[in-house]
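Structure record follows, encoded as structure tokens.
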Amino acid sequence: MYLKYLLAFLILFSVKTNSQIVEDSKNFRAADSLLKEPSFSVHKDNYFLTGVPINTAITRNTADVKYQVSFKLRLNSKPLWGGFFPYLMYTQKAFWDIYASSKPFSEINFNPGVALVRPFYLKGGRLTYGTVSLEHESNGRDSIYSRTWNMLAFSLKSQISPRWVVGLRGWIPIVDKEDNPYLTQYVGYGEASATYQIQPGRWSADVLFRKGSGVIKYGSLQTQVNWRPYKNENYYLTLQWFVGYTESLIDYQEHRSMVRIGFTIKPENMGIF
């Protein structure tokens, strides 16, 4: 089963491109897209959102705050062999029951990883990133509350037009099935993403679809609309809807539907995946 995802990635990565794929280092124009940002930068969206469920009663215990902190560190200003740039990545996502009486954190998920990123241009000058990453994700707890898995992931992300950025990502999950039964069915083996600039510099929309291993079961869909109040500031007001499984690891078998609103800090550029 894993072989088909690896094969699909290799086929996509070998799609006929401009000569950028084989250009020497002096003419490696695609590398500028990574080098023009600081070595330490935003990785995934950083956000602070509060919201309520739409598939169950709204109470002090079902409304919550979800926030995420995510950054990456480019380890080298010159590409390695093959034009790859090495990165360290870290993402932390937390669920805070801020409306409950004691205001506990119901879950914190930790996601460190390392990645090799290869920038290149597809025909028509479409900037694309091919990425191979090794990642760990867990909630840092033990006993029956422990949730943990690892992945070897492959992704392609491309700016196919001035307004559209699309991405495909597949992974080989490595899961301790004794502690996390059926987790693979819920995290699945891949995801697809898209961002559309409704009004460039002001309004944008994001979609992230993760497919579980079932034919029609499991998986998740996250959509959001972002409004940038000031063009010179990199933060947005965000309205987000999540429906499906594995929003948090602790309740990966629980189906959720949440609407949240808050603010988001996005990567300055396209983002590596």
Self-check item: Cross-link pairs beyond the 30 Å C-alpha cut-off, checked among Lys66/Lys157; Lys66/Lys211; Lys93/Lys123; Lys66/Lys217; Lys177/Lys217; Lys66/Lys123
Solution: Lys93/Lys123; Lys66/Lys123
Self-check item: Cα-based reach from Lys78 at 18 Å (exclusive), listing aspartates and glutamates while leaving out same-chain residues under 8 positions away
Solution: Glu23, Asp24, Asp32, Glu37
Quiz item: Only one of the listed values, (1) 54; (2) 68; (3) 59, was derived from the coordinates as percent of Cα pairs over 22 Å apart; which label is it?
Solution: (3)
Quiz prompt | Part-to-part distance (alpha-carbon centres) for segment 153-181 and segment 182-242, which is given in Å | solution = 13 Å
Self-check item: Net charge of Cβ neighbours under 13 Å - reference Leu116; Lys, Arg +1; Asp, Glu -1
Solution: +2
Quiz prompt | Within the accessible area of segment 206-273 (1.4 Å probe), percent carbon and sulfur | solution = 60 percent
Self-check item: Sum of side-chain charges, Phe209 neighbourhood, beta-carbon under 12 Å (Lys, Arg +1; Asp, Glu -1)
Solution: +1
Quiz item: Counting only heavy atoms of protein chains, what accessible area per residue, in Å², does the chain have with a probe of 1.4 Å?
Solution: 52 Å²
Quiz prompt | For Lys266, solvent-accessible area (1.4 Å; no DNA, RNA or ligand), Å² | solution = 20 Å²
Practice problem: Grab the other residues whose beta carbon is less than 11 angstrom from that of Thr91, score K and R as +1, D and E as -1, and report the net. | Solution: 0
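The values are calculated or read from the model by the stated rules, or taken from the named source; none is laboratory data. Keep in mind it's a predicted model, so treat the numbers as computed, not measured. Glycine also receives a Cβ, built like all others from the backbone with ideal geometry; neighbour counts cover every protein chain displayed. These accessible areas exclude ligands, DNA and RNA; they are computed on the full protein's heavy atoms, side chains included. Shrake-Rupley method; radii C 1.70, N 1.55, O 1.52, S 1.80 Å.
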